[in-house]
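Visitor: Could you have a look at this structure, given as structure tokens, before my questions?
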Amino acid sequence: MMGARTSMRGLALLGLGCALFLLGLAFFLWQAGNPLPATAGKKMTPGAGELMQVDRMQRSPAAPMANADRLADERAMTRPARSFDSYLQELVDLGCELWQRVESEDEAGATEIDAELRRLYRELTQHLPATDELALSERGMLPAQDQGVRGQVLRQLLNRLIRDGLAERWEKGMILGQRNASDHLARAMLLSIAKDALIATDLGLDTLADGPYLGAAQEREVMDLIELSVEEEFLVPVASALLLTTWKNMEERGERSSSGIDSLALILKDDSNPARRLAALEHLLASGSENLIRLVLDLAGKRGDRALARQLAHCAANKLEPELALRVLSELVDLAGEELVSPFMILATRDSAAVQAAYEQRLGDLVDARVRAELITGCGFSGSPESIDLAETAFNQDPDPEVLSRALFVLSAKAKPALAEEYLARALDDPRIATDSGRIGSLVLCLQNLGKRGAYNSLSRIAERIRVLPQLLPQDRREMDRILQRFLPQRAGEKAAKR
Amino acid sequence: MIRSVSLSICLCISGLSAQDFDCPDQVTRIVPTRVVYGPNLGCGGLNVDMGGVQLEGTSSNCPSFAVIVPSHASTQHSAKSQTYTRPLQTIKITRLDFACRTKWFLIFPIGSECRRIGSDVVSALSSYQQFPCVDADLQG
């Protein structure tokens, strides 16, 4: 009897235990299905997501900060609805204050305001629908000439809202298999671009160009911009970049075949519209096909258009394989006119070893003196550790005086001052340099590099030697005096008093 | 001077005018300021005043460098222009280097985010002045 009673009590306790366990499990599942209000229904824009990710990274060492932010978010959820304009107003106020803090180097204050800005931005994008469309509407009304801090902050804010909204629509569309999710906004952006050069850069070059958003759905608007670029010159590079982007995306999505776009580009390469022609030529150049590149270079040579040659050089430096780009640049050097420094610098940033090898090969063959000069400048300012050795090699072995001048710029800017002075002194002993007014002018400008690096004694000694050269142009003498005045004001004053 | 003397000698020997015989027919052509930006670093916008040249980078980009070629007068051949050119001054081509400072600016990439970290003179060009060939002869 006693045993039966004990087993009954045991069963009752077991039942109670099971009931409590089930209750606990139910509560746990309910919690999991109902997240905290701060994260519930969050609109995960890529921008906001990115911000939140940064937030998390920054907050991880300090948990109380995370709690404070979560509380702030929770408070925000319970606030009455605010208008878009009211958010903009507050964000711009904070942005201006942030600007002031940064200007006054108040790092702690700036960090604090930045955190508040991010929180408010997140709140805006979470609580109001279609902030990208509202921002685009505001952005279209912004005067281009407003370059004050407030105007800049507002512009940046609106651009950011548009960019984030566009990216969010695109990514959502990708997830849901709706590739046209961002089409409407992208089309509206294209319609705003012709307003002024600044909005064309912000929305065209910075946002839509090279992005995934343009395709067959926007081809008509892009073509309209191409037509408009005949009257509005600032639209030429923008419309051209947008057309290239449209073609690339259409090709990738299978909306148009690769051979179809090549054929179109071949037709448009002679087009009278500069934007369409530029896009066609850049497309053919970037194809990497030897035949098409040859065609483009021949055409550029026939046109003799320096600006076109420069644009093609930049396209090649940015987009082609370094070896191929070097061949293209070498052909464009003479077409481009006086100098082609930037494309060689871009290429050297991508592959300084290839640029160095190209110089050494041409020096060995003693060919392409103008290309050798650009290669020395490109490599010399690429930050490559070999750049000083290469400049020394150029100075010691290259017979071309322009290459020597370029090597001196590298040495005066990058080598140890004593070494730089040694080479500048040797240049002054070289009649190819010391009797040529242009080369002497270059030596004067090398003094500025020495001065910036604090090599005042070297600067003074070399300046004394330059001063007595009869071929020194009066304007260059004045420039040298300005350099001395800037870096050696006391000595410059003494000289003036003696004179 | 040498040019003028040679012009006079040619004039005496051949009986032709200096303009017909030795004038190189060169003219100056104003080349506007060029600013070329290097690859983007992808941080904030740029707003720099460099010797009167206002650099306004794109709103969301910071170039790794910018090369400035100031406005100058280049020389070129122009048939029957009866002018020649000679160097007036040397123009510097400057490279400005930039770096991102992204400590705070996640939303507002303005000005200070894209910092100029240095500048070098990387090359030079001659700027020319144009003269009538007749003057050269008269000076001789």
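Visitor: How many Å² of accessible area per residue for the stretch A:157-305, probe 1.4 Å?
Guide: 42
Visitor: Just which residues of the stretch A:148-191 lose 10 Å² or more accessible area with every protein chain there, against their chain alone, with the probe set to 1.4 Å?
Guide: A:Q152, A:V153, A:R155, A:Q156, A:L157, A:R160, A:R163
Visitor: Across the residues of A:372-380, average count of Cβ atoms on other protein chains within 10 Å?
Guide: Other-chain Cβ atoms within 10 Å of each residue's Cβ, averaged: 1.
Visitor: Could you work out how much longer the chain between A:R150 and A:V367 gets when fully extended? Use 0.36 nm per residue separation minus the Cα distance between them, nm to one decimal.
Guide: 72.6 nm
Visitor: At 0.36 nm per residue, minus the direct Cα-Cα distance, what do A:E112 and A:N457 gain on full extension? Give it in nm, one decimal, please.
Guide: Difference between extended and current length: 119.6 nm.
Visitor: At A:D270 and A:E321, where each label point lies 7 Å from the Cα along Cα→Cβ, what is the point-to-point distance in nanometres?
Guide: About 3.1 nm separates the two model spin labels.
Visitor: From the residues A:A265, A:A373, A:T349, which one has its Cα farthest along the dipole of the stretch A:251-381 in the positive direction, the dipole being from +1 and -1 charges on Cβ of Lys/Arg and Asp/Glu about the Cα centre?
Guide: Going by the charge dipole, the pick is A:A265.
Visitor: Taking the stretch A:202-291, which chymotrypsin sites (Phe, Trp or Tyr not before Pro) meet the DSSP loop condition and have no more than 16 other C-beta atoms within 10 Å?
Guide: A:F234
Visitor: Buried accessible area between B and A (1.4 Å probe, both chains summed, ligands and nucleic acids excluded), in Å² to the nearest 100?
Guide: Rounded to the nearest hundred, the buried surface is 4400 Å².
Visitor: Then there is this: Heavy atoms only, probe 1.4 Å: what % of the accessible area of the stretch A:288-363 goes to carbon and sulfur, would you let me know?
Guide: 46
Visitor: Also, quick follow-up: Using DSSP to define loop residues, name the GluC sites (Glu not before Pro) in the stretch A:226-303 whose beta-carbon has at most 13 other beta-carbon atoms within 10 Å.
Guide: In loop regions of the stretch A:226-303 (DSSP not H, G, I, E or B), the sparsely surrounded GluC sites (Glu not before Pro) are A:E231, A:E233.
Visitor: Okay, moving on. Within a 10 angstrom radius of each residue's Cβ in A:439-446, how many Cβ atoms of other chains show up on average? Whole number is fine.
Guide: Per residue, the number of nearby Cβ atoms from other chains is 5 on average.
Visitor: Rounded to the nearest 0.05, what FRET efficiency do A:R220 and A:E290 give with R0 = 35 Å and r taken as the Cβ-Cβ distance? Could you check?
Guide: Result of the calculation: an efficiency of 0.55.
Visitor: Could I ask something else about it? Can you work out the Karplus-derived ³J(HN,Hα) for every residue in the stretch A:258-264? Use 6.51 cos²θ - 1.76 cosθ + 1.60 with θ = phi - 60°, whole Hz, and x for glycine or proline.
Guide: 4, 5, x, 6, 4, 5, 4
Visitor: Within the stretch A:401-416, list the residues whose amide N lies under 14 Å from a label point set 7 Å along Cα→Cβ of A:R486.
Guide: In the stretch A:401-416, the label zone of A:R486 (backbone N under 14 Å from the point 7 Å along Cα→Cβ) covers A:413.
Visitor: Also: For A:V468 and B:F131, what is the calculated FRET efficiency with R₀ set at 25 Å and r taken between the beta-carbons, to the nearest 0.05?
Guide: Plugging the Cβ-Cβ distance into 1/(1 + (r/R0)^6) gives 0.40.
Visitor: Same structure again: Might you work out the accessible area of A:R370 for me, using a 1.4 Å probe with all protein chains in place, and round it to the nearest 10 Å²?
Guide: That residue has around 80 Å² of solvent-accessible surface.
Visitor: Give, as ranges by residue number, the residues of the stretch A:78-115 whose backbone N falls under 18 Å from the point 7 Å along Cα→Cβ of A:L128.
Guide: Those under the cut-off are A:78-96.
Visitor: For the stretch A:373-499, with only Lys/Arg (+1) and Asp/Glu (-1) charged at the beta-carbon, what is the dipole magnitude about the Cα centre, in debye rounded to 20?
Guide: 860
Visitor: Considering every residue in A:194-202, what mean count of other chain Cβ atoms within 10 Å of its Cβ is obtained?
Guide: Mean shielding count: 2.
Visitor: Right, another one. Zone of A:R432 (label point 7 Å along Cα→Cβ, backbone N under 20 Å): which residues in the stretch A:379-406?
Guide: So the set is A:379-380, A:388-406.
The values are calculated or read from the model by the stated rules, or taken from the named source; none is laboratory data. These numbers were taken from a predicted model, which means no experiment stands behind them. Using ideal geometry, Cβ is built from the backbone for each residue, glycine included, and neighbour counts are taken over all protein chains shown. Accessible surface is based on the protein model in full, side chains and every heavy atom, while ligands, DNA and RNA are left aside. Shrake-Rupley method; radii C 1.70, N 1.55, O 1.52, S 1.80 Å.
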